[in-house]
1. Can you tell which of LEU357, LEU363 is closer than 16 Å to ASN416 by Cβ and either part of a helix (DSSP H, G or I) or open to solvent by less than 20 Å² (accessible area, probe 1.4 Å) (or both)?
2. Return yes or no: is GLU425 out of contact with any Pro (no Cβ under 8 Å at 6 or more places or on another chain), buried (at least 17 other Cβ atoms within 10 Å of the Cβ) and in contact (Cβ under 8 Å) with a residue 24 or more places away in the chain?
3. So which strands (runs of 3 or more DSSP E) are wholly in the stretch 271-347 and hold at least 1 residues that are in contact with a helix residue (DSSP H, G or I) (Cβ under 7 Å, 6 or more places away or on another chain)?
4. Can you tell me how many residues within the stretch 189-219 are among the β-branched types (Val, Ile, Thr) and over 48 Å from the mean Cα position of the chain (by Cα)?
5. Test ALA319 against the criterion of being more than 13 Å from LEU181 (Cβ to Cβ) and either within 15 Å of the chain's Cα centre (by Cα) or modelled with pLDDT of 80 or more (or both), and give yes or no.
6. Which of the residues spanning the stretch 457-472 are at pLDDT 80 or above and of a type in the set (A, V, I, L, M, F, W, C)?
7. Going residue by residue through the stretch 205-218, is there one that turns out to be touching a strand residue (DSSP E or B) at 6+ places or on another chain (Cβ under 6 Å), at pLDDT below 85 and surrounded by fewer than 19 Cβ atoms within 10 Å (Cβ to Cβ)?
8. Give me the residue from the stretch 56-80 that is open to solvent by less than 60 Å² (accessible area, probe 1.4 Å) and more than 32 Å from the chain's Cα centre (by Cα) and, out of that set, nearest to PRO107 (Cα to Cα).
Amino acid sequence: APVLDRVISRPVIATLISLGLVGVSVPVAMNLGGEFMPRLNEGDILIEAVRIPSASLEGAVPMSSEIEKIVKKFPEVLTVYCKTGRPEIANDVMGVHQTDVWTLLKPQSEWRAGLTRDALIEEMDKELSENVPGVKFGFSQPIEMRVNELVAGVKSDVAALISGPDLNVLRLKASQVEKILGRIRGAEDIKSPSEGRLPMLRVTVRRDQLARYGIKANDVLDAVAALGGTTVGTLFEGQKRFAIQVRLPASWRNDPDRIGEIRIADPKGKPIPLKDLATIAIEEGPNEIERENVQRRAVVGVNVRGRDIASFVAEAQAAINKEVPKTPGYIIRWGGQFEYLQTATQRLMIVVPVALLLIFLLLYSTFGSLKLALLVNLAVPIAATGGIFALAVRGLPFSISAGVGFIALFGVAVLNGLVWVSAVEHLRSEGVEPHEAAREAALVRLRPILMTALVAGFGFIPMALSTSPGAEIQRPLATVVIGGLFTSTLLTMLVLPAIYPWFADKPKVDEM
């Protein structure tokens, strides 16, 4: 009671302290960083080994065996096996130049003393890069990589997606972006489009010659298609079906001169050599072309370790905007988890204000007073400051898990404010003076408010301190609720009673 008397008698000081907390929390929140979801520790590692797109399936076997031998040397590894390419029907797209190395680890209690997961990945990366030339390695987790690929379209945490018409310009910009990302702290396993070129057979139809001989362009294209194989039927073996293809022998397919001797019949049945109807040349072309929304694109993927994704992308965007010249018709956007962080944040920016507005309307309908509804809603920013400071103290970035924690926190904070305001309004209806009513309500409702806050706070402590699998999702949510309950409870017990006389309506005395 003496403490309440001293605080309630100083409403200006209590207000300034509250405003100070809210003001300080703004820059703290801006420096928290952000990520879509906290990274779960699945207990295993998935190594992605990528060769040039023209690599053969036969070459993957000795490479995979060498990778397995190197990885198995680490005492932390329980077992390792490789998977190259994909089946005919699969959920993910993988060529024979891509190999997934599934590395199952022993429990961390059996690892070398002081060895962390990131340190183990660095050791593996160094050994593999030194002993397996011509291969790029990326490190992720089995579920995490598949979720990134299926949901975000890339296998990395973050990807710079460069769209435009010219492949050479795309390759140049991708190279510039790759160099910039390599200088930013936290960038690991950078993957960019391959610089290799492949020999290609280009057959260009000569329209003037087609008109001269009266031959249709489709007849020429059908003959050229036979180089790769033309399906002429289907072979059935029980439930299995096999396409029957006809194509020219390899000695013809690899010799431009012999390809030019292929005969095309004109309308009179006279055979005309292909070289008289088209230009045949061997040229170098790109080894892979990616498309999105009917546009060519180049993807520069990067995994982020040791920092949050939002601050990483912000630093990368600033550097790219400064160093990479803008070209009309070319767009750089960011995909991966950052894209879904942006989408989820935009949705929260709509959902949270709508929820707060509904709470305000319900409070107004309950008290019939805008001032009292506003007074109870003051618990929201004060509670948010506690959650923000708690995240900052624990070094946790903002994530969707933390956002859900803020939503749960606002409900408890408003509930405590509602309990106190209901009590003080009841005393006012009996004719008690506002200052005395605030003091009495603070004493009477102290126990219920503390019980509500402590039950919720103690209930979230195991989640906040948990280290079991899946705890990465629980910790931000529990941290926000515990920190926010601390500040919102102080607000309900001390600040609201101090400033209540400013919001109080006229005395409500029952008429006799």
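The values are calculated or read from the model by the stated rules, or taken from the named source; none is laboratory data. Not measured: the values here are computed from a predicted model. Heads up, the Cβs are rebuilt from the backbone with ideal geometry, glycines too, and the neighbour counts pull from every protein chain shown. Keep in mind that these areas ignore ligands, DNA and RNA; they rest on the heavy atoms of the full protein, side chains included. Shrake-Rupley method; radii C 1.70, N 1.55, O 1.52, S 1.80 Å.
1. LEU363
2. Answer is yes for this residue.
3. Those strands (runs of 3 or more DSSP E) span 271-273, 278-286, 295-304, 331-336.
4. Number of matching residues: 1.
5. So ALA319 does not fit the description; no.
6. Result: PHE458, PHE460, ILE461, MET463, ALA464, LEU465.
7. No - not one qualifying residue is present in the stretch 205-218.
8. SER65
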